[in-house]
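The values are calculated or read from the model by the stated rules, or taken from the named source; none is laboratory data. Here the structure is a predicted model, which means the values were calculated and not measured. Using ideal geometry, Cβ is built from the backbone for each residue, glycine included, and neighbour counts are taken over all protein chains shown.
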Amino acid sequence: MVTEEQIIKALAGVIDPELHRSLVELGMVRNVRIQEGKVSFTLALTIPECPLKDQLVAESRAAVLALDKIEEVQIDLTEMTDEEKRQIGLGGSQQSGAAERFNHIRRVVAVMSGKGGVGKSLVTALLAVAFRQDGQKVGVLDADITGPSIPKMFGLHGAPPMGAVGILPAQTRTGIKVMSINLLLPAEDEAVIWRGPLISSAIKQFWSEVFWDDLDWLVVDLPPGTSDAALTVMQSLLLSGVVLVSSPQELAEMVVRKAARMARKMQVPLLGLVENMSYFVCPDSGRRYEVFGPSHGEEMAQRLEVPFLGRLPLDPRIAELCDAGNIEDYPAEAFVSVAYALAQTTPEPRRSPLQPR
């Protein structure tokens with residue numbers, strides 16, 4: 001006859017996908033009962049609406065049914081108390097910042113420019129796509145609270161679910177994790193009319209209360225300028241550094257220099273410069289046209305004393321794919337050289353000396 005010890009041992013092999021610990025170690029298995037080939041027990045979830053509960057129940061049932069002479073398994077569900085959650089490191093269901101302790105992110109890169117309209121969100125998205133197509137685990141934190149465009153580019157809609165330790169980011173078709181204020185609004189065109197402190201608070205929550213899990217790269221899309229959002233990211237996130245985005249116009253260069261100076265004042269490494277909209281290739285003739293004037297990307301990078309990561313063309317296909325929510329269909333080889341160059345210049349995350357402790 002199967003013993004309770006054997007059942008507990010079998011359930012010890014079932015791992016919570018979020019917490020990366022066994023159900024037995026987490027104290028989730030309760031009230032094991034055995035009677036003539038039938039086993040029943042209670043599974044205590046961290047939250048009743050846990051999106052992974054069906055997976056946990058199915059894996060628990062399969063683990064017990066694999067034991068000899070077990071024909072039926074009944075699993076009842078309950079919720080852990082706040083004290084039980086604190087004992088396993090969750091600190092209660094409503095504690096702020098619980099997710100941050102369970103996140104393991106190797107590199108955090110912010111994409112920045114002092115000027116709007118140069119393509120920061122596009123560079124963010126293409127970096128994420130290139131790294132993901134290389135087989136790496138990637139997330140995108142949309143810090144442009146008042147003008148978010150990342151969900152549209154990836155075709156994401158609807159509110160993300162709540163997990164055991166925090167909000168679960170939305171996932172794209174290829175597995176890129178995304179968090180944006182637009183995923184939390186009742187309508188996609190709803191205006192976010194917030195002052196600086198609320199914007200800063202939202203960005204901090206996207207860092208500390210979203211369960212990113214294990215990531216090789218978290219790419220942060222910043223809004224234009226050098227005010228609250230950029231300041232919050234540089235002070236509160238464990239940044240590896242900043243990627244600057246510019247375009248060929250001299251006006252863009254002047255404003256990008258402001259962003260570079262801000263990063264240096266905040267002691268955040270400048271990882272390199274990307275020049276967007278550098279040229280247009282005529283599909284009929286194959287001839288290259290510099291629509292916005294001659295490229296000055298390499299010269300600007302030299303003046304800023306940062307690596308030049310590469311140029312991006314003015315490509316109508318990109319606009320079509322972004323409008324359709326299919327940016328992941330853009331060929332990775334068109335951007336892989338920029339992503340590779342960035343990977344060579346990006347160190348592991350470090351704590352900003354200005355970050356509050």
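Quick one: is D144 surrounded by 14 or more Cβ atoms within 10 Å (Cβ to Cβ), modelled with pLDDT of 85 or more and not hydroxyl-bearing (S, T, Y)? So D144 fits the description; yes. Would you please name the residue that is surrounded by the fewest Cβ atoms within 10 Å (Cβ to Cβ), looking only at residues in segment 113-132 that are of a type outside the set (V, I, T) and touching a Pro at 6+ places or on another chain (Cβ under 9 Å)? Here the residue is G117. You will find that of A62, A44, A66, the residue that is among the hydrophobic types (A, V, I, L, M, F, W, C), free of Cβ contacts under 8 Å to residues at least 12 places away in the same chain and not assigned by TED's automatic domain parsing to the domain that holds A164 is A62 and no other.
Among all residues of segment 48-69, there is none that is in contact with an Asp or Glu (Cβ under 8 Å, 6 or more places away or on another chain) and acidic (D, E). Among what's in segment 161-193 and is aliphatic (A, V, I, L, M), touching an Asp or Glu at 6+ places or on another chain (Cβ under 9 Å) and assigned to a loop (DSSP other than H, G, I, E, B), pick the residue that is modelled with the highest pLDDT. Among them, the one singled out is I176. Please go through segment 273-306 and pick out each residue that is without any contact (Cβ under 8 Å) to a residue 60 or more places away in the chain and within 25 Å of the chain's Cα centre (by Cα). Answer for segment 273-306, where residues must be without any contact (Cβ under 8 Å) to a residue 60 or more places away in the chain and within 25 Å of the chain's Cα centre (by Cα): L273, E275. Looking across A341, A319, A332, one residue alone is of a type in the set (A, V, I, L, M, F, W, C), out of contact with any Cys (no Cβ under 6 Å at 6 or more places or on another chain) and surrounded by 17 or more Cβ atoms within 10 Å (Cβ to Cβ). It is A341. Within segment 149-160, the set of residues being buried (at least 20 other Cβ atoms within 10 Å of the Cβ), part of a loop (DSSP other than H, G, I, E, B) and either in contact (Cβ under 8 Å) with a residue 60 or more places away in the chain or touching a Gly at 6+ places or on another chain (Cβ under 8 Å) (or both) comprises just one member, L156. A Cβ distance below 8 Å, combined with a sequence gap of six or more or placement on separate chains, defines the contacts here; from segment 162-184, residues that are assigned by TED's automatic domain parsing to the domain that holds A332 and under 15 Å from L19 (Cα atoms) reach residues that are modelled with pLDDT of 95 or more and among the hydrophobic types (A, V, I, L, M, F, W, C) in the pairs I167/M179.
Here is a check on your reading of the model: is R261 under 28 Å from T226 (Cα atoms), of a type in the set (K, R) and touching a residue at least 24 places away in the same chain (Cβ under 8 Å)? In short, no. Of all residues in segment 210-231, those satisfying the criterion of being in contact (Cβ under 8 Å) with a residue 60 or more places away in the chain and either closer than 14 Å to S180 by Cβ or in a helix (DSSP H, G or I) (or both) are V210, W212, L218, V219, V220, D221, L222, P223, A229, A230.
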